[in-house]
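Taken together, the values in this text are just the output of simple stated rules run on the coordinates, not laboratory data. Since this is a predicted model, take the numbers as computed values, not measurements. Don't worry about glycine lacking a Cβ; one is built from the backbone with ideal geometry, like all the others, and counts go over all protein chains shown.
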Amino acid sequence: MGVPKRRTSKSKKNMRRSAWRKMDAPAIAECPQCHELKEPHKVCPTCGFYKGKQVLAVENN
């Protein structure tokens with residue numbers, strides 16, 4: 001099994017550990033049918049529409 005030749009410096013270790021903070025939050029768009037927030041290019045979980053067509057049958061509770 002391979003063994004590191006040099007110890008990883010504190011700087012490199014901290015850069016690796018802080019990489020998750022650099023990620024962006026997922027984008028959110030408004031559904032044109034029900035005007036609820038949803039992810040773009042995905043079916044609306046509230047009304048079941050995608051690109052103006054009913055794709056999912058959603059029960060009203």
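Structural remarks
- Per-residue HN-Hα couplings for the range 4-12 [Karplus 6.51, -1.76, 1.60; θ = phi - 60°; Hz; x = Gly/Pro]: x, 6, 10, 6, 6, 5, 4, 4, 5
- Neighbour cut-off at most 12 other Cβ (10 Å), DSSP loop, chymotrypsin sites (Phe, Trp or Tyr not before Pro), the chain: none
- The stretch between R7 and Q33 holds 3.7 nm of extra length on full extension. This uses 0.36 nm per residue minus the Cα-Cα distance.
- Using Cβ point charges alone (K and R +1, D and E -1), the dipole size of the range 6-61 about the Cα centre works out to roughly 1160 debye.
- Dipole of the chain, positive direction: furthest Cα of A29, A19, F49, with charges on the beta-carbon: A19
- A DSSP coil position with no more than 12 other Cβ atoms inside 10 Å describes the following GluC sites (Glu not before Pro) in the chain: E36, E59.
- Helical content alone sets the calculated 222 nm signal of the chain at -3500 deg cm²/dmol, taking -39,500 (n - 2.57) per DSSP H segment of four or more residues and averaging over every residue.
- Of the two radii for the chain, the radius of gyration is 1.41 times the Kirkwood radius, both from the alpha carbons; that is the Rg over Rh value.
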